[in-house]
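What follows is one structure encoded as structure tokens, with my remarks underneath.
The values are calculated or read from the model by the stated rules, or taken from the named source; none is laboratory data. It should be emphasised that the depicted structure is a prediction, and the values quoted were computed from it without experimental measurement. In this analysis, Cβ positions are derived from the backbone assuming ideal geometry, glycine residues included, and neighbour counts consider all displayed protein chains. Just so you know, the surface numbers come from the protein's heavy atoms only, side chains and all, with ligands and any DNA or RNA stripped out. Shrake-Rupley method; radii C 1.70, N 1.55, O 1.52, S 1.80 Å.
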Amino acid sequence: MNFLDYTLEELHEKLVNKEVTAVDLVEASYKRIEETDESIGAFLGLNKEEALKTARETDERGIDPSNILSGLPIGIKDNIMTKDVTTTAASKMLEDFVPVYDATVIEKLKEVGMITIGKLNMDEFAMGGSTENSAFKLTRNPWDLNKVPGGSSGGSAAAVAAGQVPVSLGSDTGGSVREPAAFTGLVGVKPTYGRVSRYGLIAFGSSLDQIGPFTRTVKDNALVLNAISGHDSRDSTSYQGETPDFTEGIDNGVKGLRIGVPKEYYNEDAKEDGVIKAVREALDLYEKLGAEIVEVSLPHSKYGIPAYYIIASSEASSNLQRFDGIRYGYRSENVESLEDIYVKSRSEGFGLEVKRRIMLGTFSLSSGFYDAHFKKAAQARTLIRNDFDKVFKEVDVLVAPTTTTTAFEIGGKIDDPLAMYMSDILTVPVNLAGVPSLSVPCGFSNDMPVGMQIISKHFDEQMMYRVAYAFEKETDHLSRKPSLKGGE
Amino acid sequence: MAINEETVKQVAKLAKLEIEENDIHKFTTEIDSIIDMVEQLEGLDTEGVEGTYHGISHHNVWREDKAEKGTDKEALFKNVKTRKNGYIEVPAMFDNGGSEA
């Protein structure tokens, strides 16, 4: 049983036809992890006993033919609370933290009968673009073990790409689902802000964070988003409107649709021209399929990175104040006073990148800099959002590269925080605007996968999935499988 | 330089972090280059533009004011390092220098 050979619907069919059992799937997942995770490093912790127990119960109860996700294994990013299963956010600060409740998305996955296999590596507190900021381990890209899987949801991406699980959840504050999806040849989605409850997601930038699925196919992704979406009284920022079926109309094609090409996202002098080349070929295909390609402008895009790093870091500096060494989390041994508990626990418990962001955020919010930094960034955010509102009056979706390059070498950017921040240049405006975006594999450059992002209007994920599906159906990128080997 | 080592020390104090003396120079250089980058925003005309502070615009959310059972107290103590008589135990606050805050 190799998850790389099947869609979720096909796995479901096998369960219904009794060709396999839920126990078989869970065992196949752990077997694959045992065989491959020493070299990949995707998982921080496994949930073996409970997963097998749940699988046995599922088999005894029988698979509900109308519930596609029941009995299927899933991996969870380690910043999403799982009751009684250690949840660390890949930080020394939470190394032994055991949640006493499930995140809403976990409750919802349990309702549809999905089985949590384990917790996945990430950049500490979701801050980073390579998963190298994990306090515990390195995760490697299944397409080339010398390269990063992207981040911050690098473990979630690598686990699906390596066939350890058929699907995983990540979180995306500035590109943390889409960038690793692009780097590992997967479909990754950042839903509209508010679509998925953030209750039980360890907070980073609360006005930006969204949980989203990693899958191999577009339709699989829509099926999982169906399961985790919806209003939640425990997250007052969750959307109160209807949750449609995201697979509805997915096969309607692109004939007659207007696809916007934001010129600011196509830097033709980019270091790696294979990326834009692959996306341009995809645009040609869309044109052949009957879509109209329209060049548009998002003139404030260049302010995305500075605005994002101020806003996300400011929110993080506030959110991470809760880690005070008192109620939970790491407490320094080396304390003589209450002040020591705070300062020493935080200084020893947080890694370097987390400290940098807390410092930048605290600085941006401090009196004297608030107007020039935080307020200015919030105003830039309005202008960026207005850019999107304006172009969406003319086009149905925007199509652009997800990243400027394919996956980079491990160690390539880790000593240069600014270079690492710049990797998010094409993904952060989406979070600032709150619109949904999907990254879909669209080809290869230097033998590494290239991702193309499809951005749609607020709460119009159906359109995003439809446009992605039309592309996937006409192409064959899925037939190529990762090597699980190092470079040459 | 947008900031110097003194500013970094001051911000660290506000953030309840301690930067080791050996690292302060490197840290200052890094934060300074990040601040340089974010200050590109100075070039943007934001006269009369309202700031956006939320993910989506929304109105206040109300719920019924009815009592519900919260999380079990013992469960909440599961992640506490030291406890005494039903409280979280911490070092004495006043005898040993105390908080500067």
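Quick notes on this structure:
- Using the average count of surrounding beta-carbon atoms within 10 Å as a protection proxy, the listed peptides A:83-93, B:59-69, A:429-439 rank, highest first, as A:429-439, A:83-93, B:59-69.
- Positive-pole candidate from B:12, B:27, B:51, dipole of chain B, charges at beta carbon: B:12
- Net dipole in debye of segment A:228-341 [+1 Lys, Arg Cβ; -1 Asp, Glu Cβ; about Cα centre; nearest 20]: 200
- Extreme residue, positive dipole direction of chain A, given options A:429, A:384, A:141 (C-beta unit charges): A:384
- Which of B:90, A:397 is most accessible, then next, and so on - probe 1.4 Å: B:90, A:397
- Solvent-accessible area lost in complex, 30 Å² minimum, residues of segment A:356-371 relative to chain alone, 1.4 Å: A:356, A:359, A:360, A:362, A:363
- Point-charge dipole on Cβ atoms (K/R +1, D/E -1) for segment A:138-215, about Cα centre, debye to 20: 60
- Between A:470, A:411, A:445, the Cα set farthest toward the positive side of the dipole of segment A:400-488 (charges on each charged residue's Cβ, about the Cα centre) is that of A:470.
- Straightening the chain between residue A:447 and residue A:409 buys 12.3 nm, computed as 0.36 nm per residue apart minus the Cα-Cα spacing.
- Buried surface between chains B and A: roughly 5300 Å² of accessible area, summed over both sides, computed with a 1.4 Å probe on protein heavy atoms only.
- Take the Cα of residue A:24, step 7 Å toward its Cβ, do the same at residue A:60, and the gap between the two points is 2.1 nm.
- Restriction of the GluC sites (Glu not before Pro) in segment A:226-312 to DSSP coil positions whose beta-carbon has at most 14 other beta-carbons within 10 angstrom yields A:242, A:248, A:268.
- For the cross-link pairs A:14/A:92; A:77/B:16; A:302/B:26; A:277/A:413; A:48/B:73; A:108/A:355, the ones whose C-alpha atoms lie over 30 Å apart are A:14/A:92; A:108/A:355.
- Coupling constants for segment A:353-367 follow from the phi torsions by the Karplus curve (6.51 cos²θ - 1.76 cosθ + 1.60, θ = phi - 60°), and in residue order they are 5, 4, 5, 4, 5, 4, 5, 4, x, 4, 4, 5, 9, 6, 4 Hz; glycine and proline get x.
- Computed E for residue A:4/residue A:394 - FRET, C-beta separation, R0 35 angstrom, nearest 0.05: 0.35
- Sorted on the mean count of surrounding Cβ atoms within 10 Å across their residues, most packed first, peptides A:119-128, A:213-222 read A:119-128, A:213-222.
- Adding -39500 (n - 2.57) for every DSSP H run of four residues or longer, then dividing by how many residues chain A holds, sets the calculated 222 nm ellipticity at -11000 deg cm²/dmol.
- Computed about the Cα centre, the dipole magnitude for segment A:243-299 is approximately 100 debye when only Lys and Arg (+1) and Asp and Glu (-1) carry charge, each at its Cβ.
- Most to least accessible of A:367, A:171 (protein chains only, probe 1.4 Å): A:367, A:171
- On segment A:1-149, 44 percent of the accessible area sits on carbon and sulfur atoms, based on a 1.4 Å probe.
- Viscosity 1.567 mPa s, temperature 4 °C, Stokes-Einstein D of the protein assembly as shown from Kirkwood C-alpha radius, µm²/s: 53
- Over chain B, the Kirkwood radius and the radius of gyration, each from Cα atoms, give a ratio Rg/Rh of 1.14.
- Between residue A:295 and residue B:21, the FRET efficiency estimated from the beta carbon spacing at R0 = 41 angstrom works out to 0.15.
- With protein chains left intact and a 1.4 Å probe, residues in chain B average 75 Å² of accessible area per residue.
- Across segment A:371-451, Cα pairs under 8 Å and at least six residues apart give a relative contact order of 34 percent.
- Within segment A:54-105, the ratio Rg/Rh, alpha carbon atoms throughout and Rh by Kirkwood, equals 1.11.
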